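Here is the structure we will look at.
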Amino acid sequence: MIINALNSNVNVFMADFEDSLSPTWENVQNGLVNMRDAAHRTISFENTVTHKKYNLNSNPAILMCRVRGLHLKEKHITCDGTSLYGALVDFVMYLYHNHKALSSFGLGPYFYIPKLQSYHEAKLWNDVISFCEDEIGLERGTVRVTCLIETLPAVFQMDEILYFLKDHIVGLNCGRWDYIFSFIKTLKSFPEKLLPDRNLITMNQPFLKSYSTLLVNTCHRRGAFAMGGMAAVIPSKDERENLKILQKVSDDKLFEINNGHDGTWIAHPGLASHVNNIFKDNFSSSQTNQLDFIHNEEISAEQLLEACDGISSEESMRSNIRISLKYIEAWISGLGCVAIYGLMEDAATAEISRTSIWQWIKHKNKLDNGKIVDEQLFRLYLEEELINVKNEVGIEKFDNGKFDLAKSIFEQITLSEDVEEFLTLRAYEEL
């Protein structure tokens, strides 16, 4: 997968040790080894069944490493009896083993930093990065980072985050899925901030458009890049269905371009040519960014906190239950990125599904069929949807999987008195 990603028609491949990785010790080890081999451009693979060989092209995409968030420890490594943080393990291992090889190709150690909630964390990261540069004799600024603005508190501190990372920052990114999750989690006590069906929460919603606009303005005023969000859809083999998918992607990317973003993400290399063409058609021939684009509009706190209109449906609640069950089961089985119902689900999208239900239960939300969401209704739907999941995946896969454990974890965190900070913290106990 790493070889195919680096060979695809994209500028950058971001290897994700965070929301797309279930951090089993085997996954972490293999990931770090593969990143070393990719950075050294020695990575290769032969399928033992088909004997098909995979090697890097002569000019692969630029490699970036997305480290884990600061909340998650790496329980398999200790130092003097103290567990290390996964973020620091990922960062130091990639930097130490690969900085020389990357330099020989005219590149550097490039990182994505997730889950920041305040400038204090940005300063911590800057101190860590600067210390490591000094330890291995690198010039200040050799390490370059892009920070995801994917929590509600962080969007109010973007100037400060840019300032404290000024020696290393490349830009900020709209991590839209985690941001929606954070919006629910941060404003959990306010019934007027209740969000509707997940599929209605698009970037055109006022609170998300304001978030995008503020990020663009903040970055461009300081000469930093403003990355757009991820298209989480997966291309379909059905031609008609694929046309609908590509239209959704087009609408999403045109919104980002028109709102001033400099680049974007996709979840699947099958979308690369389509999205490249959108940017080519909407950027001039010499244009590689929109750093001179600044909105006249000044974004207020009220706009960032604005409620989101839309229905709450039984269909969406049931879908969220099935997605949560399937994703948690995959995660505790060692797979952190799963295609479910045409979307690439990772921890962030699964977090939206489970916290949406928690929020609906908390505030006794009324569905469009008149039913009130409470613990009893959730338990009823959970039992029914577990059966539907069994029918969808098949009896053999269900019986050999960890669906009962996934149900137990999901039920526990959804019915907790307070919203659980991260589902992965609870699920990590099972790895």
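The values are calculated or read from the model by the stated rules, or taken from the named source; none is laboratory data. None of these values were measured; they are calculated from a predicted model. No Cβ is skipped: glycine too gets one built from the backbone with ideal geometry, and neighbour counts run over all protein chains shown.
Residues checked against (1) buried (at least 19 other Cβ atoms within 10 Å of the Cβ); (2) within 27 Å of the chain's Cα centre (by Cα):
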{"position": "M35", "(1), (2)": "yes, yes"}
{"position": "A39", "(1), (2)": "yes, yes"}
{"position": "I43", "(1), (2)": "yes, yes"}
{"position": "N47", "(1), (2)": "no, no"}
{"position": "K52", "(1), (2)": "no, no"}
{"position": "I62", "(1), (2)": "no, yes"}
{"position": "R66", "(1), (2)": "yes, yes"}
{"position": "D80", "(1), (2)": "no, no"}
Next item on the list: Give the residues of the stretch 124-172 that are more than 17 Å from F91 (Cβ to Cβ) and touching a Pro at 6+ places or on another chain (Cβ under 9 Å), sorted by residue number.
Entry: E150
Next item on the list: Give the residues of the stretch 206-252 that are within 18 Å of F279 (Cα to Cα) and in contact with a Cys (Cβ under 8 Å, 6 or more places away or on another chain), sorted by residue number.
Entry: S212, F225, A226, M227, G228, G229
Notebook entry, point to check: Is it the case that the stretch 394-401 has a residue that's touching a residue at least 12 places away in the same chain (Cβ under 8 Å) and either outside the structural domain of N320 (by TED's automatic domain parsing) or closer than 16 Å to A350 by Cα (or both)?
Noted result: no
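I need the strands (runs of 3 or more DSSP E) fully contained in the stretch 57-141, keeping only those with at least 2 residues that are modelled with pLDDT under 95. Let's see the steps before the verdict.
Values: elements: 62-66, 73-79, 82-85, 110-113.
Correct list: 73-79, 82-85.
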Notebook entry, point to check: Across the stretch 253-280, what is the number of residues that are surrounded by fewer than 18 Cβ atoms within 10 Å (Cβ to Cβ), aliphatic (A, V, I, L, M) and over 15 Å from V233 (Cα atoms)?
Noted result: 1
Note to self: Against the definition (under 25 Å from P206 (Cβ atoms), touching an Asp or Glu at 6+ places or on another chain (Cβ under 6 Å) and hydroxyl-bearing (S, T, Y)), how does S300 come out, yes or no?
What the structure shows: no
Check: What are the residues in the stretch 254-268 that are part of a helix (DSSP H, G or I) and in contact with a Phe, Trp or Tyr (Cβ under 9 Å, 6 or more places away or on another chain), if any?
Finding: I257
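Name the residue, out of G171, G175, G86, that is crowded, with 20+ Cβ neighbours inside 10 Å, under 24 Å from the mean Cα position of the chain (by Cα), in contact (Cβ under 8 Å) with a residue 40 or more places away in the chain and under 21 Å from N34 (Cα atoms). Step through it out loud before you land on a result.
Numbers: G171 fails: under 21 Å from N34 (Cα atoms); G175 fails: under 21 Å from N34 (Cα atoms).
The match here is G86.
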Note to self: Between S285, S300, S333, S319, which is more than 23 Å from M158 (Cα to Cα), assigned by TED's automatic domain parsing to the domain that holds S182 and small (G, A, S)?
What the structure shows: S285
Check: How many of the residues in the stretch 178-200 are outside any helix (DSSP H, G or I) and either surrounded by fewer than 22 Cβ atoms within 10 Å (Cβ to Cβ) or without any contact (Cβ under 8 Å) to a residue 24 or more places away in the chain (or both)?
Finding: 7
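Of the residues that sit in the stretch 393-403 and are under 26 Å from the mean Cα position of the chain (by Cα) and assigned to a helix (DSSP H, G or I), which one is surrounded by the fewest Cβ atoms within 10 Å (Cβ to Cβ)? Steps first, answer last, please.
First, pick out the residues of the stretch 393-403 that are under 26 Å from the mean Cα position of the chain (by Cα): 393, 401-403.
Add one more test, that the residue is assigned to a helix (DSSP H, G or I), and what stays is 393, 403.
Working: V393: 17, F403: 22.
Here the residue is V393.
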Notebook entry, point to check: Scanning for something part of a loop (DSSP other than H, G, I, E, B) and closer than 30 Å to E192 by Cβ, does the stretch 227-242 turn up at least one residue?
Noted result: yes
Checklist line | Lone qualifier among R41, R68 - being of a type in the set (K, R) and on the phi > 0 side of the Ramachandran plot | finding: R41
Notebook entry, point to check: How about the stretch 287-370: which helices (runs of 4 or more DSSP H) wholly inside it have at least 1 residues that are at pLDDT below 95 and buried (at least 23 other Cβ atoms within 10 Å of the Cβ)?
Noted result: 347-362
